[in-house]
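Asks: Could you have a look at this structure, given as structure tokens, before my questions?
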Amino acid sequence: MADTADTLVSVIREVTPGVTPTTTPAFKYLDFSDFNLNLDPANQITSDIVKANRAASDTVMTGYSVSGSASGELRRDTTLDWLIESGIGGAFASKVAKGGSTNFYQTFEQQMVTGAGSKAYFAYSGCQVSKLGFAVDASAKATWSADIVGMAQTQRTAIMSGATYAAATQGPLLSGAGNGSITIAGLTATFYSLDLQIVTNRSPKFALISQNAFGISTGGNRQITLTLQLYRDDISPEAVFLPNTPISVSTMIGSGAGNALTFSMARMFAKPPKRATNGDSEMVEVELVAAHDATAGTDITITQS
């Protein structure tokens, strides 16, 4: 019987959407806290033929695709970089990635130990990140989360021919008590938490004579929301977060070469600040929404240290 403690997840970037590379495929392990992808039918069709005993005549499943989620600790690694690129539609170049319109596909492979010397491999191909999140507060570790949509699932009892697996590169565990920064023009504050969510509407595409999805569609604009909680010291939040007034926001999680990520949104619009509490402290909660900035040429820029 398989134990969750022995389950591993690896990732490989696809060249052809939905096709796992087969020539000496080089997988990289993904450090994760939770991973749950499944093959789901888009529809279950039941026959309407009337039977004398009132039993359904037949049923058939149609339009299979992959959906699910993953999460982990925010530690710099190549596999996390791939998730970020897929989530924002832009590749890292000279340690900088900008939100764009490129679709990045990858295969996730889940490896389970099912017995003495026996393993089961579940491959989820044609996967894209539809929602990417980063969160941290003063008393917790920094984490990432991702919603994933994909095209097909296959299963095997052995690794792919010629496949190699590279270990994840674990950077230091980052927490809200560690180094970092939040920079908002005109605001000096003590922050408690941040939650950044990047959402892209994605859905599987289906065709006749095809059991599985043959592609992933993207609709609408990317939606980026940043929620901040800060301690109430004065009324400066109300003076900074004005209605329909764009402001720039930059937040860095971590510090030092190879450890930190900086998220910059040059043009954000804030909803009215709201009262919140944390223990015995009065807090202010602000939700900001990113928009395209002509100078930056994007809505979000992510920089590696």
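The values are calculated or read from the model by the stated rules, or taken from the named source; none is laboratory data. Quick caveat, the model's predicted, so the values are computed rather than measured. Every residue, glycine among them, receives a Cβ derived from its backbone with ideal geometry; neighbour counts consider all protein chains shown. With ligands, DNA and RNA removed, areas are computed over all heavy atoms of the protein, side chains included. Shrake-Rupley method; radii C 1.70, N 1.55, O 1.52, S 1.80 Å.
Asks: Looking at the range 1-14, which of its residues are in a loop (DSSP other than H, G, I, E, B), over 12 Å from Gly126 (Cβ atoms) and either aromatic (Phe, Trp, Tyr) or under 22 Å from the mean Cα position of the chain (by Cα) (or both)?
Replies: Thr7 - this is the single residue of the range 1-14 that is in a loop (DSSP other than H, G, I, E, B), over 12 Å from Gly126 (Cβ atoms) and either aromatic (Phe, Trp, Tyr) or under 22 Å from the mean Cα position of the chain (by Cα) (or both).
Asks: Which of the residues belonging to the range 268-285 are touching a Lys or Arg at 6+ places or on another chain (Cβ under 7 Å) and among the β-branched types (Val, Ile, Thr)?
Replies: Scanning the range 268-285 gives a single hit, Val284.
Asks: Which residue pairs have Cβ atoms under 9 Å apart, sit 6 or more places apart or on different chains, and have a first residue in the range 203-230 that is without any contact (Cβ under 8 Å) to a residue 12 or more places away in the chain and a second that is part of a strand (DSSP E or B) and open to solvent by less than 50 Å² (accessible area, probe 1.4 Å)?
Replies: Correct list of pairs: Ala207/Gly215; Ser210/Gly63; Asn221/Thr200.
Asks: Which condition number in (1) open to solvent by 50 Å² or more (accessible area, probe 1.4 Å); (2) in contact with an Asp or Glu (Cβ under 8 Å, 6 or more places away or on another chain); (3) of a type outside the set (S, T, N, Q) is the one that Asp77 fails?
Replies: Going through (1) open to solvent by 50 Å² or more (accessible area, probe 1.4 Å); (2) in contact with an Asp or Glu (Cβ under 8 Å, 6 or more places away or on another chain); (3) of a type outside the set (S, T, N, Q) one by one, Asp77 breaks only (1).
Asks: Right, next: Looking at Ile148, Ile182 in this structure, which one is within 23 Å of Ile302 (Cα to Cα), of a type in the set (Val, Ile, Thr), open to solvent by less than 40 Å² (accessible area, probe 1.4 Å) and not in a loop (DSSP other than H, G, I, E, B)?
Replies: That would be Ile148, the only listed residue that is within 23 Å of Ile302 (Cα to Cα), of a type in the set (Val, Ile, Thr), open to solvent by less than 40 Å² (accessible area, probe 1.4 Å) and not in a loop (DSSP other than H, G, I, E, B).
Asks: Related question: Can we say Asn212 is within 30 Å of Thr114 (Cβ to Cβ), open to solvent by less than 50 Å² (accessible area, probe 1.4 Å) and polar (S, T, N, Q)?
Replies: The answer is yes for Asn212.
Asks: Among residues belonging to the range 33-55 that are open to solvent by 70 Å² or more (accessible area, probe 1.4 Å) and not polar (S, T, N, Q), point out the one that is farthest from Gln211 (Cα to Cα).
Replies: Ala52
Asks: Continuing with this model, one more query. In the range 88-127, what count of residues is obtained for those that are within 22 Å of Met265 (Cβ to Cβ) and not in a loop (DSSP other than H, G, I, E, B)?
Replies: Residues in the range 88-127 being within 22 Å of Met265 (Cβ to Cβ) and not in a loop (DSSP other than H, G, I, E, B): 5 in total.
Asks: I need the full set of residues from the range 151-174 which are modelled with pLDDT under 85 and surrounded by 13 or more Cβ atoms within 10 Å (Cβ to Cβ), in order please.
Replies: Once the filter is applied, which keeps residues that are modelled with pLDDT under 85 and surrounded by 13 or more Cβ atoms within 10 Å (Cβ to Cβ), the range 151-174 yields Ala168, Thr169, Gly171, Pro172.
Asks: Residues of the range 265-305 being closer than 22 Å to Ser181 by Cβ, among the β-branched types (Val, Ile, Thr) and open to solvent by 20 Å² or more (accessible area, probe 1.4 Å), which ones?
Replies: Scanning the range 265-305 gives Val289, Thr295, Thr301, Thr303.
Asks: Pull up the range 215-237, narrow it to residues that are outside any strand (DSSP E or B) and open to solvent by 70 Å² or more (accessible area, probe 1.4 Å), then point me to the one that is nearest to Phe269 (Cα to Cα).
Replies: Among residues in the range 215-237 that are outside any strand (DSSP E or B) and open to solvent by 70 Å² or more (accessible area, probe 1.4 Å), the one nearest to Phe269 (Cα to Cα) is Ile235.
Asks: Do we have Ala93 as open to solvent by 40 Å² or more (accessible area, probe 1.4 Å), over 28 Å from His292 (Cα atoms), at pLDDT 95 or above and of a type in the set (A, V, I, L, M, F, W, C) here? Working first, answer last.
Replies: Details: open to solvent by 40 Å² or more (accessible area, probe 1.4 Å): yes; over 28 Å from His292 (Cα atoms): no; at pLDDT 95 or above: yes; of a type in the set (A, V, I, L, M, F, W, C): yes.
Against the criterion (open to solvent by 40 Å² or more (accessible area, probe 1.4 Å), over 28 Å from His292 (Cα atoms), at pLDDT 95 or above and of a type in the set (A, V, I, L, M, F, W, C)), Ala93 does not qualify.
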